[in-house]
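This report refers to the structure that appears directly beneath it.
The values are calculated or read from the model by the stated rules, or taken from the named source; none is laboratory data. Small disclaimer: the values here were computed from a predicted structure and weren't measured. Here the Cβ positions follow ideal geometry from the backbone for every residue, glycine too, while neighbour counts run over all protein chains shown. Each accessible area value is taken on the protein alone, full model and side chains, heavy atoms only, with ligands, DNA and RNA left out. Shrake-Rupley method; radii C 1.70, N 1.55, O 1.52, S 1.80 Å.
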Amino acid sequence: MPQVHTALGSGVLRFGRDFIKNRQPLLSLHDSRTEEGVTKDLKPIMSELNKEMVDLVWGKPSGGGVSTSIFRRWSQGFVFSEHEQTALKQFEGGPCAVIAPVQAFLLKNILFNRENSTWRQMSEEEQKMALCSTLSEILESACASPSTGFCFVTWAKGQSPYTSTLSKTQTQSQTQDMPRPESSQSPQEQQPTALAAEDLGFEQFHSVLHKRTVLSVSDLREEVLSLYQSWRGCCGVLLFLYSVILTKGIENIRNEIQDPTEPLIDPIHGHGSQSLVNLLITGHAVSNVWDGDRECSGMKLHGIHKQASVGFLTLMESLRYCKVGTFLKSPKFPIWILGSETHLSVFFTKEMSLVGPESPSEQARRVFQSFDPEDNGFIPESLLEDVMKALDLVSEPEYVSLVKSKLDPESLGIILLGPFLLEFFPDQDSGIPDSFPVYHYNGLKQSNHKERVEYVEGTALVLGFEDPMVRTDDTPVKRCLQTKWPYIELLWATNLSPSMN
């Protein structure tokens, strides 16, 4: 076991109103590091580090601080639904920017790394192992350099708010959402609450944090496991987010974000940024969703540089506000985070043929679109030779001229994507079955039927022609999925289509 564990402690920190009113905010993290099994003494870190963290995450709101309501929305832990044992619950809007990516990786590990076929059923111990394995994976992905180690931001010893600080009414309502305690202690004595204690404010939260570092992957996994109660308790989502940020490095994140002044969390509305979502999905806090880097007016704009384990699709693409690249559209596993205007949910299936190796026609589409950054569906005929060279097609000038005359018979000076694919890659079978079961997850209780956080089951049909025999209704989920499968149709098992908001 790593030598740096700090237990939650049996002492209870009571944040009374007078205490908070009279206490001056302390922006300080305390640090401990393990090296070769030896724990160094705790020592204060310069408050500037904490200030940098707060500025990066929350920005500098005009009012001078983050509103109580937004901090409260973000101060929940990772809590499993009592109605769906492999689904995490989200209590209010905002933290979906962390919870949805964690849910996506959690599903990947449950669906494809477990031998148990009953993937929707897990014991409390299995929930613990699955969640901790998922958090470890994301932290490992975010680590900029193994030599710098993995950072954890947790409560300083004895400083964790417990449910005994709550009123009786609050305790009763919130412990219903908590997993049952794993020992004979009562929930009031043992468990951190899923939502922040009423009197734990933004400044007090940042005054009782503790930073520690481990240097090996094995110690990383043990440390994450030992902190399970912290992850699922009060502010567990923020503790994990801060751990990811310090593991990645504040300066590294600033270098990747397109606009370094843009915070990871909007301090006015509480929504997470695309940089935050990309950080958790790919380990890189880039602000864009296209493949590779692009230049605009002499400025390099960073995108996604390799295939992600789980994907991302957004309703904004159907409105032509952006274009998601292949590395996010075609991930390693058939799990996609879906973005609406205000929320993130997850669409998934066990059908691995959806994410098989890139076919020649899919590669051709991706390469063609890389020469069409504005997503017009065509390129100038002057770029045809470059596209053909990039695809290792015959690109002798005489042959290119022949292809131009065939693909642009009216001499409009453009080459359309559709005719280009039909010319060089006709009748290619994608290998996708005609229909397959799919699921949709939305962690917000109020967005689920009867406020029960459960997966919505359905059947998907991915058709290859423009006027399908089966036409289902037009819903945001379908429009979002059509950015990847233009002719997908969805038949849901319930009367109501799942909500993306």
Among the residues that make up the stretch 93-113, is at least one of them aromatic (Phe, Trp, Tyr) and closer than 25 Å to Ile253 by Cα? yes
Of all the residues that make up the stretch 129-142, how many are open to solvent by less than 60 Å² (accessible area, probe 1.4 Å) and either of a type in the set (Asp, Glu) or under 19 Å from His83 (Cβ atoms) (or both)? 3
Being modelled with pLDDT of 95 or more, on the phi < 0 side of the Ramachandran plot, in contact with a Phe, Trp or Tyr (Cβ under 6 Å, 6 or more places away or on another chain) and assigned to a helix (DSSP H, G or I), is that true of even one residue in the stretch 117-127? yes
Ser353: passes all of (1) in contact with a Gly (Cβ under 6 Å, 6 or more places away or on another chain); (2) outside the structural domain of Ile70 (by the TED database); (3) crowded, with 22+ Cβ neighbours inside 10 Å but (3)
Please enumerate the residues belonging to the stretch 240-295 that are open to solvent by less than 60 Å² (accessible area, probe 1.4 Å) and of a type in the set (Val, Ile, Thr). Val244, Ile245, Thr247, Ile250, Ile253, Ile257, Ile265, Val277, Ile281, Thr282, Val286, Val289
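Go through the stretch 93-110 and count every residue that is open to solvent by 20 Å² or more (accessible area, probe 1.4 Å) and at pLDDT 95 or above.
0
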Members of the stretch 303-320 that are within 23 Å of Phe371 (Cβ to Cβ), touching a residue at least 40 places away in the same chain (Cβ under 8 Å) and in a helix (DSSP H, G or I): Glu317, Ser318
Test: residue in the stretch 75-82 that is modelled with pLDDT under 95, among the polar types (S, T, N, Q) and loosely packed, with under 15 Cβ neighbours inside 10 Å: no
Matching residues in the stretch 66-75 (out of contact with any helix residue (DSSP H, G or I) (no Cβ under 6 Å at 6 or more places or on another chain) and in a loop (DSSP other than H, G, I, E, B)) number 2
Of the listed residues (Lys300, Lys323, Lys332), the one being more than 19 Å from Leu264 (Cα to Cα), part of a strand (DSSP E or B) and out of contact with any strand residue (DSSP E or B) (no Cβ under 6 Å at 6 or more places or on another chain) is Lys300
Being out of contact with any helix residue (DSSP H, G or I) (no Cβ under 9 Å at 6 or more places or on another chain), touching a residue at least 12 places away in the same chain (Cβ under 8 Å) and not acidic (Asp, Glu) is the filter here; which residues of the stretch 350-362 pass it? Ser353, Leu354, Val355, Gly356, Ser359
Please determine, by comparing only the residues of the stretch 296-314 that are in contact with a helix residue (DSSP H, G or I) (Cβ under 6 Å, 6 or more places away or on another chain) and open to solvent by less than 10 Å² (accessible area, probe 1.4 Å), which one is nearest to Arg254 (Cα to Cα). Ile304
Look through the stretch 368-404, keep the residues that are assigned to a helix (DSSP H, G or I) and modelled with pLDDT under 90, and return whichever of them is nearest to Asp434 (Cα to Cα). Gln369
